[in-house]
Amino acid sequence: MLDAAFMSRWMSATAASVSREETRLTDLDSAIGDADHGANLRRGFTAVTAALDKETPDTPGAVLALAGRRLISTVGGASGPLYGTLLRSTGKALGDTAEVTRAQLAEALGAGVAAVARLGGAAAGDKTMLDALEPAVEALGTSFAAAAAAAEAGALATVPLRARKGRASYLGERSVGHRDPGATSAALLVGALVEAAA
Ligand code: ADP
Ligand code: MG
């Protein structure tokens, strides 16, 4: 069973991973965006862990809802409201039980991903974070490791795609041949689940 402490570990592992990979995320965003994705997410997830150090909510849903609110209020780029909505909606879908199963997390994350799609008007194949998140939700029913592998494969599969949403879409054909920064950070978020479970 997954409790509030698990969700806090998930957020800390994401913060560590995003900080480690900050330069890579920024380099990817400099190719097809404005070179701020690494800094955006480091700032956001650092604020999330700082908030969770101060007050750890006592349910998994409340931890994710708090994390989502912090991302929305600290990240200026498109990814702040999008990741914020992902975590807030996932948290809301988990309700107020003290422990949840991996299957319940998969279902709630599915609701979170749907909220991201609604907010950003994107779908799988548009070369966004959804290309990593959607297959991850699908595979989360199997295991955390399967979800991480699916997210990584989804991020890699954005390379040949032409961006249809966000800043990269302004480049049209020139966005082809580059890996999407948001799909790459989404794979870090999902990969951090494996660390939280270890
Ligand atoms: P900005 O584009 O405002 O500089 P970031 O660089 O932090 O914000 O984030 C860019 C990432 O956000 C993209 O790589 C993409 O994955 C994601 N993104 C952008 N627009 C959308 C959207 N409409 N729906 C889903 N994801 C999006
Ligand atoms: Mg950017």
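The values are calculated or read from the model by the stated rules, or taken from the named source; none is laboratory data. The structure displayed is predicted, hence computed values, not measured ones. For neighbour counting, all protein chains shown are included, and Cβ atoms are generated from backbone atoms with ideal geometry for every residue, glycine included. What goes into the accessible areas is simple: the full protein's heavy atoms, side chains included, and nothing from ligands, DNA or RNA. Shrake-Rupley method; radii C 1.70, N 1.55, O 1.52, S 1.80 Å.
Rounded to the nearest 20 debye, the dipole size of the range 4-197 about its Cα centre is 380 debye, using +1 on the Cβ of Lys and Arg and -1 on the Cβ of Asp and Glu.
Taking 0.36 nm per residue of separation and subtracting the Cα-Cα distance, what length does fully extending ARG164 through ARG24 add? Present the calculation step by step, with values, prior to reporting the outcome.
Numbers: separation 140, 0.36 × 140 = 50.40 nm, distance 2.22 nm.
The ARG164-ARG24 span can extend by a further 48.2 nm.
With 0.36 nm allotted per residue and the present C-alpha distance subtracted, the ALA35-ALA123 stretch has 29.4 nm of extension available.
Modelled this way, with points 7 Å down the Cα-to-C-beta line, the labels at THR142 and ARG174 are 3.9 nm from one another. For helix 60-74, report the angle its Cα long axis makes with the longest principal axis of the Cα atoms of the chain; keep it between 0 and 90° and round to the nearest 10°. Tilt relative to the chain: about 40 degrees.
In Å², what does the accessible area per residue of the range 1-157 work out to with a 1.4 Å probe?
Details: 6440 Å² over 157 residues.
Here the residues of the range 1-157 average 41 Å² of exposed surface.
Remark: spin-label model distance GLU55-ALA197 equals 3.1 nm, labels positioned 7 Å along the Cα→Cβ axis.
Given all pairs of different Cα atoms, what value in angstroms does the Kirkwood hydrodynamic radius of the range 4-197 take? Don't skip to the answer; put the middle values down first.
Values: mean 1/r = 0.0622 Å⁻¹.
Result for the range 4-197, one decimal place: 16.1 Å.
In the range 10-123, Cα pairs under 8 Å separated by at least six residues give a relative contact order of 21 percent. Roughly speaking, to the nearest percent, how much of the chain's 1.4 Å accessible area is carbon and sulfur? The C+S portion of the solvent-accessible surface of the chain is 53 percent.
Suppose only helical runs count, i.e. DSSP H with n ≥ 4. What mean residue ellipticity at 222 nm does that imply for the chain under -39500 (n - 2.57) per run, divided by all residues and rounded to the nearest 500 deg cm²/dmol? Working shown, then result.
Values: 9 runs with 137 residues, N = 198.
That comes out to -22500 deg cm²/dmol.
Using the Cβ of ASP96 as centre and a radius below 15 Å, the other residues enclosed give a net charge of -1, where K and R count +1 and D and E count -1. Per residue, the average separation of C-alpha pairs within less than 8 Å and at least 6 apart gives the range 4-197 a relative contact order of 22 percent.
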